[in-house]
Amino acid sequence: HTNFIVHHNLPFAVADHLSKLYPIMFPDSKIAKKLSCARTKTTQILNGNMMPVIKDYLHGQMKLEPFSIVNDGTSDTGLKKMNAACALIFDVTRSNKVESKFFDMCATTGEDASKAATLFEARDGALEKSVITWDNCVSFGVDNCNTNIGSKNSLKTRIIKKCNHCFIAGCSCHLAHLSAEKGGNAY
């Protein structure tokens with residue numbers, strides 16, 4: 001049940017409906033009639049039981065194999081920023097393909113929450129907490145603001161100091177959008 005929801009990247013609200021489907025799908029099953037596993041229990045199962053195993057597997061892959069990190073953050077004016085980071089790994093053990101996995105939220109707080117130093121510390125701290133070095137990081141994807149990819153004091157310059165072979169990739173979708181906007185405004 002929970003594994004199905006996670007595997008197919010479905011919202012937890014689906015669990016509310018799946019629980020009601022089981023007795024219909026399996027009318028002869030006493031277990032199906034008693035099953036009660038809506039979104040709250042599904043969330044608890046994922047966070048309490050499955051997440052440690054999922055994280056251990058991902059972290060193990062990141063320690064042994066090359067990986068990339070793709071990152072995006074909130075841009076509101078509050079003092080707490082959510083900076084979701086996903087790791088892209090070539091999963092040679094299970095799927096034999098490149099997969100994107102949630103790595104860490106890399107939250108930052110305070111007046112400096114959006115500054116390059118704070119953003120870098122959050123990412124570096126998440127890797128350090130998981131005992132993962134920058135050595136296997138081959139690329140890092142971020143949006144194109146100066147704080148992220150500027151040439152002087154940015155997330156990019158700090159990552160390059162830690163890992164000079166890491167390719168910092170700006171977001172091509174943002175660039176396409178900006179180009180279309182400028183082109184549209186020219187007429």
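Structure notes:
- Checked against the criteria, ASN164 does not count as among the polar types (S, T, N, Q), within 29 Å of ASP56 (Cα to Cα) and in contact (Cβ under 8 Å) with a residue 60 or more places away in the chain.
- Positions within the stretch 13-36 being at pLDDT below 90 and in contact with a Leu (Cβ under 8 Å, 6 or more places away or on another chain), in sequence order: SER19
- Residue selected from the stretch 146-173 under the condition modelled with pLDDT of 85 or more, open to solvent by 40 Å² or more (accessible area, probe 1.4 Å) and assigned to a helix (DSSP H, G or I), by the criterion farthest from ALA87 (Cα to Cα): ASN146
- The residue that is most open to solvent (accessible area, probe 1.4 Å), among those in the stretch 41-81 that are among the charged types (D, E, K, R), within 28 Å of THR147 (Cα to Cα) and touching a strand residue (DSSP E or B) at 6+ places or on another chain (Cβ under 9 Å), is LYS80.
Table: residues versus (1) among the basic types (Lys, Arg); (2) open to solvent by less than 30 Å² (accessible area, probe 1.4 Å); (3) under 30 Å from VAL6 (Cβ atoms); (4) assigned to a loop (DSSP other than H, G, I, E, B).
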{"site": "ALA122", "(1), (2), (3), (4)": "no, yes, yes, no"}
{"site": "ASN144", "(1), (2), (3), (4)": "no, no, no, yes"}
{"site": "LEU175", "(1), (2), (3), (4)": "no, no, no, no"}
{"site": "GLY183", "(1), (2), (3), (4)": "no, no, no, no"}
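- Subset of the stretch 8-40 (residues that are assigned to a helix (DSSP H, G or I), free of Cβ contacts under 8 Å to residues at least 24 places away in the same chain and open to solvent by 60 Å² or more (accessible area, probe 1.4 Å)): HIS17, LYS20, LEU21, ILE24, MET25, LYS30, ILE31, LYS33, LYS34, THR40
- Against the numbered list (1) closer than 23 Å to LYS55 by Cβ; (2) of a type in the set (Asp, Glu); (3) under 19 Å from the mean Cα position of the chain (by Cα), ASP143 comes up short only at (1).
- Within the stretch 91-102, the presence of a residue that is touching a helix residue (DSSP H, G or I) at 6+ places or on another chain (Cβ under 6 Å) and among the aromatic types (Phe, Trp, Tyr) is excluded.
- Filtered residue count, the stretch 124-142, keeping only those that are within 19 Å of MET82 (Cα to Cα), of a type outside the set (D, E, K, R) and open to solvent by 20 Å² or more (accessible area, probe 1.4 Å): 1
- Filtering the stretch 82-115 to residues that are open to solvent by less than 90 Å² (accessible area, probe 1.4 Å) and of a type in the set (Lys, Arg) leaves only LYS101.
- Pair list, Cβ under 6 Å, 6 or more apart: the stretch 41-55 residue under 13 Å from ILE5 (Cα atoms), other residue assigned to a helix (DSSP H, G or I) and open to solvent by less than 50 Å² (accessible area, probe 1.4 Å): THR42/THR2; THR42/ALA15; ILE45/THR2; LEU46/THR2
- Members of the stretch 58-91 that are under 20 Å from VAL138 (Cα atoms) and without any contact (Cβ under 8 Å) to a residue 12 or more places away in the chain: GLY60
The values are calculated or read from the model by the stated rules, or taken from the named source; none is laboratory data. What you see is a predicted model, and the numbers here were worked out from it, not measured in a lab. With ideal geometry, Cβ positions are generated from the backbone for all residues, glycine too; neighbour counts draw on all protein chains shown. Each accessible area value is taken on the protein alone, full model and side chains, heavy atoms only, with ligands, DNA and RNA left out. Shrake-Rupley method; radii C 1.70, N 1.55, O 1.52, S 1.80 Å.
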